[in-house]
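*Asks:* Encoded as structure tokens, here's the structure I'll be asking about.
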Amino acid sequence: MQSRMHSYGTPAPLRLSDGALQEIRGVMQRSGKPDEVRAHLRLFCEAARTQQLSPEQLLVIFKTEFARIPEVSRPSDEKTMKFVAGVVTLCIEEYYKIPE
């Protein structure tokens, strides 16, 4: 997850790092268990809350970032579609979760 400050103190666009995307893709290919990527989603959602993004903004950005994984942008099987749905659900859960 990447979030930097642009000049003038405005936050950089919220992004999933290439490493996070590779890890998510690996989990999708190995086990297909969305819960294994929860830590990446938690960091992404914490950054979204810090930037005061609405849930709708978060989901648009997340789905755009998530679609950078080729299998996600063109899901071809039921396992991938279930994984995508599960990750989106976890993203919503993490956004609304009360920070510890």
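*Asks:* Compute the Rg/Rh shape ratio of the chain: radius of gyration over Kirkwood radius, all on alpha-carbon atoms.
*Replies:* Numbers: Rg = 13.5 Å, Rh = 13.8 Å.
Result for the chain is an Rg/Rh of 0.97.
*Asks:* Now for a separate question. Under the definition of Cα pairs under 8 Å and six or more residues apart, what whole-number percent is the relative contact order of the chain? Please report the intermediate quantities before stating the final value.
*Replies:* On the way: 93 pairs, mean separation 31.3, N = 100.
Reported relative contact order: 31 percent.
*Asks:* Under 17 Å from the Cα of LYS82, which aspartates and glutamates turn up, not counting those fewer than eight places away in the same chain?
*Replies:* Output for LYS82: ASP35, GLU36, GLU71, GLU93.
*Asks:* Using DSSP loop states and a limit of at most 15 other Cβ atoms within 10 Å to flag trypsin sites (Lys or Arg not before Pro), what is the longest stretch of the chain containing no flagged site?
*Replies:* Numbers: sites that count: ARG4, ARG68, LYS97.
Looking at the chain, 5-67 is the longest stretch - no exposed trypsin sites (Lys or Arg not before Pro) with at most 15 other Cβ atoms within 10 Å.
*Asks:* For region 42-97, calculate the relative contact order in percent as a whole number, restricting contacts to Cα pairs under 8 Å that are 6 or more residues apart. All intermediate terms of the calculation are to be shown ahead of the outcome.
*Replies:* Numbers: 24 pairs, mean separation 28.8, N = 56.
After rounding, I find 51 percent.
*Asks:* How big is the C-alpha Rg of region 22-81 next to the rule-of-thumb value 2.2 N^0.38 Å, as a ratio? Show your work: numbers first, answer last.
*Replies:* On the way: Rg = 12.4 Å, N = 60, 2.2 N^0.38 = 10.4 Å.
Relative to the rule-of-thumb radius for its length, region 22-81 sits at 1.19.
*Asks:* Going by amide H atoms built from the backbone, whose H comes under 5 Å of the H on ARG15, apart from near neighbours?
*Replies:* Under 5 Å from the amide H of ARG15 lie the amide H atoms of GLN2, each far enough along the sequence or on another chain.
*Asks:* If you place +1 on the Cβ of every Lys and Arg, -1 on the Cβ of every Asp and Glu, and leave all else neutral, what size is the dipole of region 7-96 about its Cα centre, to the nearest 20 Debye? Kindly include the intermediate steps, with their values, before the conclusion.
*Replies:* Numbers: 12 positive and 12 negative charges, 23 e Å.
In total the dipole reaches around 120 debye.
We did not get these values from a lab; they are worked out from the coordinates using the rules stated. Keep in mind the model is a prediction, meaning the values are calculated, not measured. Heads up, the Cβs are rebuilt from the backbone with ideal geometry, glycines too, and the neighbour counts pull from every protein chain shown.
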